[in-house]
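Have a look at the structure below, then the notes.
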Amino acid sequence: MPPISPSVSEELRKRLQQARADLLDAVRARTGQQDDEAPAIGPLAHLGQGDDAPQSEMLSHNEARLAEHESSLLHEIDVAIGKLAAGGAGICESCGRDIPEARLLATPTVRLCIGCQEQREQDQHSGRGPSM
């Protein structure tokens, strides 16, 4: 028996596809770029004539950090979509046990069961769970 029901699988697919589209739209809106253009992120990307160089560098640094976060989130969404397509969604990557459907619906990119997530947080002293 698959770890998740067909109805939950379909709901996860819809949520993940929507989250992916929303994230890409947000990146495009924030950067003002077209579909095939790379955003201008770099040390001098925000420096105009007469601008304050340190402030420009700070803005560029913030843009770079935001781009890293968005790239990481996009990767997590793509991994979840791939696992769903391959039939591996709902299986803990650490222990191999089933992840409850309610947990998957709450956080579609979740990769660990609650026990393994708690253990990882204790080991890393992070207290942070998956994001989406």
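No lab work stands behind these numbers, since they all come straight from the coordinates. Every value quoted in this text rests on a predicted model; they were computed, and no experiment measured them. Note that each Cβ is placed from the backbone with ideal geometry, even for glycine, and that neighbours are counted across all protein chains shown.
Name the long-range amide H neighbours of Ser94: under 5 Å, sequence gap of 5 or more, or other chain; modelled H, no Pro or chain starts.
Close amide H contacts, sequence-distant or interchain: Cys113.
Work through the residues other than Ser72 whose Cβ is under 12 Å from its Cβ and net out their charges, Lys, Arg +1 and Asp, Glu -1.
Working: positive: Arg65; negative: Glu68, Glu70, Glu76, Asp78.
Net charge in that neighbourhood comes out at -3.
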